[in-house]
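Asks: Sharing a structure below in structure tokens format, with a few things to ask.
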Ligand code: BEZ
Ligand code: FE
């Protein structure tokens, strides 16, 4: 933290003393982690207020913004997560919690559209029925970072349709474009869906107002979400991104990683994987996943 050069020595000493008093107020907490977290939070927060010389009006504006963020949040809409996402806080949390394995598939942001009880499907099933968009076959394998195939890994997938909407964003109880499947003995999984499209994050609330005020777009590049878990491995939360998407360089939640961009190949009508008859063009992609074994974690 750097003290503003124009702040009088009297104010500098008052401000420094206040920070120390507030930090000290947490010093007797029996919870060591809480002490560490609150002491750092107070120092950074006070440092931020001092660095930008926050005005009372700006503080009131910030409180009003957070109040609106709270008011719009309910069990369907989580504006605080969106705020964390557009500030890069979600991706920074992902970064500091990534397994220290350069061979493991990279993680990215979870997002608000996961549903816990998605239907369990068999490999080869179609979860794109009733969805708008070009049929798309997704296949892949799950391995350990040491190269061993992982059979029975749980692979949860969810994605938006060609209009850029998740099933849960439509009126009525609709489940589509999401599923839970398991790798076979060869560590393989595959399913049919529709090719996802780029879409804006919900931007009709305070986070949207912040983006608009900053001249930022609410768009995310087209992607499919994956959550992959298996006993003995770190759970992987990630996406694949559609190569060539115009928003890859401007993801409003900073979730894109080069290693997660994959080609989606377009095919002429005909017979596709699993003998599926296609009367329209269709696409296919593949995603080979590497999970980090928990046993490889450094011992603290
Ligand atoms: C998503 O990819 O589903 C998402 C992530 C962050 C904010 C909004 C949506
Ligand atoms: Fe998404």
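Asks: Once you sort the root eigenvalues of the Cα gyration tensor of the stretch 159-297 as a ≥ b ≥ c, which label holds: rounded (a/c under 1.5), prolate (a/b larger than b/c) or oblate (the other case)?
Replies: Oblate, because a/c is 1.5 or more while a/b does not exceed b/c.
Asks: Rounded, prolate or oblate: which fits the stretch 242-300 when a ≥ b ≥ c are the square roots of the eigenvalues of the alpha-carbon gyration tensor, with rounded for a/c under 1.5 and prolate only if a/b beats b/c?
Replies: Oblate shape, in that a/c is at least 1.5 and b/c is the bigger or equal ratio.
Asks: Counting DSSP beta bridges with both partners in the chain, what percentage is antiparallel, nearest 5?
Replies: 75
Asks: Can you give the FRET efficiency for residue 246 and residue 106, using 1/(1 + (r/R0)^6), R0 = 30 Å, r = Cβ-Cβ distance, to the nearest 0.05?
Replies: Efficiency, rounded to the nearest 0.05: 0.85.
Asks: Taking the chain as the region of interest, what is the percent of Cα-Cα pairs per 10 angstrom bin, listed from the shortest bin to the one with the maximum distance?
Replies: 6, 22, 28, 22, 14, 7, 2, 0
Asks: Next question, about the same structure. So for the chain, averaging the separation of alpha carbon pairs under 8 Å that are six or more residues apart and normalising by length, what relative contact order in percent results?
Replies: Rounded, it is 19 percent for the chain.
Asks: Order the peptides 264-271, 147-154 from the highest to the lowest mean number of other Cβ atoms within 10 Å of their residues.
Replies: 147-154, 264-271
Asks: So, R0 is 30 Å and r is the distance between the beta-carbons of residue 180 and residue 209; what FRET efficiency does that work out to, to 0.05?
Replies: Efficiency, from the Cβ-Cβ distance: 0.25.
Each value in this text was obtained by applying a stated rule to the coordinates, not by laboratory testing. Quantities reported herein were computed from a predicted structural model and do not represent experimental measurements. Using ideal geometry, Cβ is built from the backbone for each residue, glycine included, and neighbour counts are taken over all protein chains shown.
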